[in-house]
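The values are calculated or read from the model by the stated rules, or taken from the named source; none is laboratory data. Quick caveat, the model's predicted, so the values are computed rather than measured. Please note: Cβ atoms are built from the backbone with ideal geometry, for glycine as well, and neighbour counts cover all protein chains shown. Ligands, DNA and RNA are stripped out before the accessible areas are found, and what is left, the full protein with its side chains, is counted by its heavy atoms. Shrake-Rupley method; radii C 1.70, N 1.55, O 1.52, S 1.80 Å.
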Amino acid sequence: TFVNSEINDPKESDSEKSGCWAVGGGAVLSHLEKAYSQHMAFGSSAAVRLHVIVSTACDSEGEAKMTLDRVVGVGVQGPWELGLALFSWLPEVHPDDKSVKSNATALNQLLADRMGGRTSMLSTQLLLRLMSLLSVESSDGTSGVVFTAPHGIWVQRRGHADHKPEVYTTFLAVALAQATNSSYAVWSAAERCKSDIRSGPDAGNIDPNYAAEDCLSELPWNRVLTRHVRRFRSIASRSVKPKGFVGQLHFDIHGRRDSIACKDGSLDVSDCDIGLGAMLNMGVLPDDGCTARRVASQLFTALTEVFQGTEFIVNEHPRLCGWSPHDPETAGDIRHYTLTMQAVNKRL
């Protein structure tokens, strides 16, 4: 889903609000602002964030529980302590499969000293996953829906110009998730701060929406989607669903220009795009295409109703739709995946 990023700051006065924020006499804005404020309680819960990070880094909840018990056992209580322990190098010699580029981490040294020797150390793969996941803030909702905003900061897109931030997409993803008891994934506050100060991407922040196929499984945003599917896999198969569960769905929030030039010279004029290209082009089951078209139609009807009385235009058939076909001439041999393509690959 793409939304027009040319919207006013949600903190502005009522007289300055326009576009989608003015829908229903400010009711939509008030609801989103209230939902976003609830997220601040999650942001201050270091233990919750630590649990989500460790669980996302691991391949199973059993492994996650064991790893979390070890990490908490040496005094790590939240992301700040985890980052300090991961990025502090010590003049020790750790096994190659327990170190990061031959560097001994303080975390593994603590685990070795306090939790039963070097067999308690974390693997290099797990250390690197934890490091990368510190840059992403994600939460656990109960609805089965997850909202993502991968372009909330400057990011690198290899072979292309750096991708600029898309204004307010982080706010929208968090607020929508909180308003619907859903999950979300956005760049962490630290990454957003660095992006604002530098007006450019951090060296390690690769565009999650242009992910190379050969490294998908280790990318933090892809792992967030993997864990989301894992959390709700058993629930989705039950005949009686828990209260609040609506199904496994992924909404990827992006910004867009007021108008986009198409190859035929026409202008793709819209404020809210419904992009289901990944579902339409990557469906596994025979009826996946029909399902995608039905979802698009329902979203178009609902969003048109929301924006009724405004000048906002909803586009059911946008040019940018979350589907990126492989072009060997421009991308080489490696295929790149948008975040919605990654989700569809996981049957999300």
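Summed over segment 257-277, the residues that are surrounded by fewer than 21 Cβ atoms within 10 Å (Cβ to Cβ) and of a type in the set (S, T, N, Q) give a count of 2.
Which one of these is aliphatic (A, V, I, L, M), modelled with pLDDT of 95 or more and farther than 23 Å from residue 221 by Cα: 185, 149, 106?
Working: 185 fails: farther than 23 Å from residue 221 by Cα; 149 fails: farther than 23 Å from residue 221 by Cα.
Selected residue: 106, the only one of 185, 149, 106 that is aliphatic (A, V, I, L, M), modelled with pLDDT of 95 or more and farther than 23 Å from residue 221 by Cα.
Has segment 244-251 got any residue that is open to solvent by less than 60 Å² (accessible area, probe 1.4 Å) and part of a helix (DSSP H, G or I)?
First, the residues of segment 244-251 that are open to solvent by less than 60 Å² (accessible area, probe 1.4 Å): 244-245, 247-248, 250-251.
With part of a helix (DSSP H, G or I) added as a condition, the list becomes none.
No; the residues of segment 244-251 include none that is open to solvent by less than 60 Å² (accessible area, probe 1.4 Å) and part of a helix (DSSP H, G or I).
For the criterion of being open to solvent by less than 30 Å² (accessible area, probe 1.4 Å) and either free of Cβ contacts under 8 Å to residues at least 12 places away in the same chain or acidic (Asp, Glu) (or both), residue 213 fails. If you check 278, 296 for being touching a Gly at 6+ places or on another chain (Cβ under 7 Å), under 25 Å from residue 146 (Cβ atoms) and not in a loop (DSSP other than H, G, I, E, B), only one passes: 278. Look at segment 101-120: where a residue is farther than 16 Å from residue 69 by Cβ and a partner is of a type in the set (A, V, I, L, M, F, W, C) and exposed (fewer than 11 other Cβ atoms within 10 Å of the Cβ), sitting 6+ places away or on another chain with Cβ atoms under 9 Å, you get 102/93; 104/93. Consider segment 79-90 and keep the residues that are without any contact (Cβ under 8 Å) to a residue 40 or more places away in the chain and of a type outside the set (A, V, I, L, M, F, W, C). The one that is nearest to residue 47 (Cα to Cα) is 81. Being closer than 26 Å to residue 208 by Cβ, in contact with a strand residue (DSSP E or B) (Cβ under 9 Å, 6 or more places away or on another chain), of a type in the set (Ser, Thr, Tyr) and part of a helix (DSSP H, G or I), is that true of even one residue in segment 113-126? Among the residues of segment 113-126, at least one is closer than 26 Å to residue 208 by Cβ, in contact with a strand residue (DSSP E or B) (Cβ under 9 Å, 6 or more places away or on another chain), of a type in the set (Ser, Thr, Tyr) and part of a helix (DSSP H, G or I), which makes the answer yes.
Please determine whether any residue of segment 109-120 is within 22 Å of residue 190 (Cβ to Cβ), within 33 Å of the chain's Cα centre (by Cα) and either open to solvent by 20 Å² or more (accessible area, probe 1.4 Å) or at pLDDT 95 or above (or both).
Let us first name the residues in segment 109-120 that are within 22 Å of residue 190 (Cβ to Cβ), namely none.
Within segment 109-120, not a single residue is within 22 Å of residue 190 (Cβ to Cβ), within 33 Å of the chain's Cα centre (by Cα) and either open to solvent by 20 Å² or more (accessible area, probe 1.4 Å) or at pLDDT 95 or above (or both).
Based on what the data block shows, is residue 105 within 26 Å of the chain's Cα centre (by Cα) and surrounded by 16 or more Cβ atoms within 10 Å (Cβ to Cβ)? No: the conditions fail for residue 105.
With assigned to a loop (DSSP other than H, G, I, E, B) and at pLDDT 90 or above as the only criterion, which of 322, 309 stands out? It would help to see each step written out before you state the result.
Numbers: 322 fails: at pLDDT 90 or above.
Exactly one of 322, 309 is assigned to a loop (DSSP other than H, G, I, E, B) and at pLDDT 90 or above, namely 309.
Only one entry of 93, 76, 72 meets the criterion of being hydrophobic (A, V, I, L, M, F, W, C), part of a loop (DSSP other than H, G, I, E, B) and without any contact (Cβ under 8 Å) to a residue 24 or more places away in the chain, and that entry is 93. Within the option set 140, 96, being within 25 Å of the chain's Cα centre (by Cα) and farther than 13 Å from residue 70 by Cβ holds for one residue only, 140. When residue 280 is tested against (1) surrounded by 11 or more Cβ atoms within 10 Å (Cβ to Cβ); (2) free of Cβ contacts under 8 Å to residues at least 12 places away in the same chain; (3) not basic (Lys, Arg), exactly one condition is not met: (2).
Among the residues making up segment 52-69, those that are in a helix (DSSP H, G or I) and open to solvent by less than 40 Å² (accessible area, probe 1.4 Å) are 52, 53, 54, 55, 56, 57, 64, 67, 68. When residue 264 is tested against (1) without any contact (Cβ under 8 Å) to a residue 40 or more places away in the chain; (2) farther than 27 Å from residue 311 by Cβ; (3) not polar (S, T, N, Q), just one condition goes unmet, and that condition is (2).
Restricting the search to segment 208-243, which residues are among the hydroxyl-bearing types (Ser, Thr, Tyr) and not in a helix (DSSP H, G or I)?
Residues of segment 208-243 that are among the hydroxyl-bearing types (Ser, Thr, Tyr), as a first pass: 210, 217, 226, 234, 237, 239.
Residues satisfying the conditions are 210, 239.
Screening residue 231 with (1) open to solvent by 50 Å² or more (accessible area, probe 1.4 Å); (2) free of Cβ contacts under 8 Å to residues at least 60 places away in the same chain gives one miss only, at (2).
One residue is enough: does segment 134-144 have a residue meeting the conditions open to solvent by 20 Å² or more (accessible area, probe 1.4 Å), out of contact with any Lys or Arg (no Cβ under 9 Å at 6 or more places or on another chain) and not polar (S, T, N, Q)? Before the answer, list the steps.
Restricting attention to segment 134-144, the residues satisfying the condition of being open to solvent by 20 Å² or more (accessible area, probe 1.4 Å) are 134, 140, 142.
Pick out the ones that are also out of contact with any Lys or Arg (no Cβ under 9 Å at 6 or more places or on another chain) and you get 134.
Among the residues that remain, those that are also not polar (S, T, N, Q) are: 134.
Taking every residue of segment 134-144 in turn, at least one turns out to be open to solvent by 20 Å² or more (accessible area, probe 1.4 Å), out of contact with any Lys or Arg (no Cβ under 9 Å at 6 or more places or on another chain) and not polar (S, T, N, Q).
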